[in-house]
1. To make sure I understand, if each residue's beta carbon is the centre and we count other beta carbons within 10 Å, what order do VAL65, VAL41 fall in, fewest to most?
2. Report D for the stretch 105-230 in µm² per second (integer): Stokes-Einstein, Kirkwood Rh on Cα pairs, 20 °C, 1.002 mPa s.
3. Given the Cα atoms of the stretch 1-126, and with Rh set as the inverse mean 1/r over their pairs in the Kirkwood sense, what is Rg to Rh to two decimals?
4. In nm, what is the difference between 0.36 nm times the number of residues separating ASN16 and SER214 and their Cα-Cα distance?
5. Assuming R0 = 41 Å, can you tell me the calculated FRET efficiency for the pair SER30 and LEU107, based on Cβ-Cβ distance, to the nearest 0.05?
6. With a cap of 10 neighbouring Cβ atoms within 10 Å, and only residues DSSP puts in a loop, list the GluC sites (Glu not before Pro) found in the stretch 70-169.
7. Give the peptides 186-193, 48-55 in descending order of average Cβ contacts within 10 Å, highest first.
8. Checking the a/c ratio against 1.5 first, then a/b against b/c, what shape does the Cα gyration tensor give for the stretch 177-226?
Amino acid sequence: MLPLVLYDILTKLPGNSCSPNPAKSRFVLSYKNLPFDTVFVEYCDIAPKMKEIGASPNKRDGSTVYTLPVLSDPNTGALITDSWAIAVYLDETYPEKPVFPKGSRGLIRSFDSAVGALLGPSFGFALLRSSQILNERGQKFFINSREAFFGEKRDAHWEALEQKYYGSAKLWYEEIEGEWVMGDTFSYADIIFAAHSFWLKKVCRDDEWKRIASLHDGRWKRLLAEAEKECNLV
Ligand SMILES: N[C@@H](CCC(=O)N[C@@H](CS)C(=O)NCC(=O)O)C(=O)O
C-alpha cells in the first residue's frame, strides 16, 4: 500500500503539527494504522498550493476558502478536503478499526456541531496564540484575515473556554458509562474532543495550558493522553 499524504500547516513549533482540524485526520490515520506522509504548507500558501494540486475549496460562513487538512490517497486517486469528509472517506475505504461504529455517524455529526459551537466563543484567545507560532508572513496573513476575532476580550475567552466549553463537556462526560463518549468504544467523537485539547496544549503558553490541564481534576489532560495512546501517537 502506498502512503497517503496529509497536508497540514507549517508552524515554528518542534514537530510542526498543532492545528486542530489536520490533527483530527492525523488521529484517524494513526488509529487505523494507515501509512501516511505529511506535507507542511505555509499558512499563506494554502490557497495557491491547494489550487495547484487540484483540491476543492471549503465553505466558511457562506464564502469559499481553501483549508487544511486535505488528504491525497495515491491508492485510489482520491483528493479530499475537510476533516469530516476525510474521516468518512477513510472509514468507507479502509473499514478496519472504524472511527464511526455502525449507526453512529449522525450522532457524532451532532456532537461535532455542539462541540464546535461551544468552542467558538473562545476562539479569539486561541487563534491569537495560533498566529504566534506561524512565521512572520503567515502571521500577517492570519491576523488580517481574522481581525474581528482579535478585538475580543481575553477574560471573556477564558470564561467561554472554561465554563462553556469544558464546563459543558464535564456534564456530558459525567453521563458516560465507560472511558469514551460511546462508553467502551473509541470513536471519532473522542478524536474531535482530543484534537481541540491537543491544539490548545500546543499553542498555549505553559501557564495557560497548566490552567486548562488542572481543570476538573486534570480530566482533559488525561483524556488527551489516553486518546493519543489509543491512536498510537505516543
Ligand atoms: N471544516 C474544516 C475547517 C478547516 C479549517 O478551517 N482549517 C484551518 C486550519 S485548522 C485552515 O486551513 N484555515 C485556512 C484559512 O482560514 O485561510 C475542516 O474540518 O477541515
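1. Neighbour counts put them in this order, fewest first: VAL65, VAL41.
2. 139 µm²/s
3. 0.95
4. 68.8 nm
5. It comes to 0.95.
6. Taking the stretch 70-169 and a limit of 10 other Cβ atoms within 10 Å, the loop GluC sites (Glu not before Pro) found are GLU96.
7. 186-193, 48-55
8. Oblate is the answer for the stretch 177-226, as a/c is 1.5 or above yet b/c matches or exceeds a/b.
FYI, it's all coordinate maths here, none of it is from the lab. Computed from a predicted structure; not experimentally measured. Methodologically, a virtual Cβ is constructed for each residue, glycine included, from the backbone with ideal geometry; neighbour enumeration extends over all protein chains shown.
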